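> Could you have a look at this structure, given as structure tokens, before my questions?
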Amino acid sequence: MRVLVTGVSEGIGGTICREISKRPGSAIAMCVRKNRGAVEGLADELRHQGCEVLILEGDLRDPAVPDYFVGAATDAFEGLDAIVSNAGAVDPTSLEDMPLEVWEDMFTLTCRASWLLAKAGFPHLKNSQGAYVAISSQSGVHPHRQTGAYSAAKAALIMLCKQMALEWGEYGIRVNSVSPGMIMTPMTRSVYDDVDIMRQREAIVPLKRIGAPVDVARIVNFLIDRDNRYITGENIMVDGGLTLSVLDRIPGIARRKSDIGSSGAENA
């Protein structure tokens, strides 16, 4: 399988590449914004497993870069079977204090770049009956305080994928998004070094654990697989059930009899 992955690092992006590389005959274009040396070790690891790897460097804020990434990957691999749009950023600025350029930058990287990447890849995915997957966030489903434009941009990304799925389904192209919840990555590890915060966060997740990058990567790998060719336009939550549990945290909500010590039912 020939796949282009953006935002590759030792976190979710790199783990996605590792999962894809397990496929015999896989070829992966690993895209980074800068410092390609940071992923050279990962590239060597995947090559040692028999995967063909191409490292591409460029800032997706530049409107010419998505086309460059796709062009370089298709030249090297003679086509593409899947694109995974994973690059993103967070700017924790409140809306009332946010400069216009920060708002625009968030939407540029999250939405415009994802659209231009898909647009450049369209003829190749049409030819291969391929798949496009974008990494959104639980913040794109529920607003997240102090994330500024992040939640709005990620929500827009989910709708962009649904729109592409609707328009491109007739060409055999499947488009889905994946929304991770709390995932422990090299970037978030410092938060979970605080044992109390770790326990508090685990306590509100129905599965009672924080996710790992591989939890996201395996869903992405599933979605790009041709065997799953009847799934499109979906946003799959990978959050341990957290977003489903919002109403469960309302004080006074009905509980099991064993929890409330009563033989009668109670209503929220």
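> Using only alpha carbon pairs under 8 Å that are at least six residues apart, calculate the relative contact order of the chain and give it in whole percent.
Working: 484 pairs, mean separation 47.8, N = 268.
It comes to 18 percent, rounded to a whole number.
> Using Cβ counts within 10 Å as a stand-in for footprinting exposure, how do CYS161, CYS111, CYS31 rank, fewest first? Intermediate values should be presented prior to the final figure.
On the way: CYS161 26, CYS111 20, CYS31 32.
Going from least to most buried by this count: CYS111, CYS161, CYS31.
> For a quick check: sort HIS48, HIS142, HIS124 by the number of other beta carbons within 10 angstrom, fewest at the front.
Final ranking by Cβ density, sparse to dense: HIS48, HIS142, HIS124.
> Sticking with this one: As an exercise, take the mean of 1/r over every pair of distinct alpha carbons in the chain, invert it, and state the Kirkwood radius in angstroms.
On the way: mean 1/r = 0.0510 Å⁻¹.
So the Kirkwood estimate lands at 19.6 Å.
> Could you identify which residue out of PRO66, PRO92, PRO123 has the top mean-square fluctuation in a GNM of the chain using Cα springs shorter than 10 Å?
Maximum fluctuation in the GNM of the chain, among the listed residues, is at PRO92.
> Among the chymotrypsin sites (Phe, Trp or Tyr not before Pro) within the range 169-253, which fall in a DSSP loop and have no more than 15 other Cβ atoms within 10 Å of their own Cβ?
Values: sites: TYR171, TYR192, PHE222, TYR230; in loops: TYR230.
Those that pass, being in a loop and sparsely packed, are TYR230.
> Please order ARG174, ARG18, ARG47 by the number of other Cβ within 10 Å, starting at the fewest.
Values: ARG174 26, ARG18 19, ARG47 13.
Listing ARG174, ARG18, ARG47 from fewest to most nearby Cβ atoms yields ARG47, ARG18, ARG174.
> Taking the Cβ-Cβ separation of PHE107 and ALA72 as r and a Förster radius of 30 Å, what is the calculated FRET efficiency to the nearest 0.05? Display every interim value, and only then the final one.
On the way: r = 25 Å, r/R0 = 0.84.
E(calc), rounded to 0.05, equals 0.75.
> What Kirkwood Rh does the range 148-234 have if only Cα atoms enter the pairwise 1/r average? Answer in Å.
For the range 148-234, inverting the mean 1/r across all distinct Cα pairs yields 15.1 Å.
> In the Gaussian network model of the chain, springs joining C-alpha atoms below 10 Å, which of ILE219, ILE253, ILE204 carries the largest mean-square fluctuation?
Evaluated over the chain, the most mobile residue of the options is ILE253.
We did not get these values from a lab; they are worked out from the coordinates using the rules stated. Since the structure is predicted, the reported quantities are computational estimates derived from the model, not experimental observations. A quick note on method: Cβ atoms are made from the backbone with ideal geometry, for glycine too, and the neighbour counts reach across all protein chains shown.
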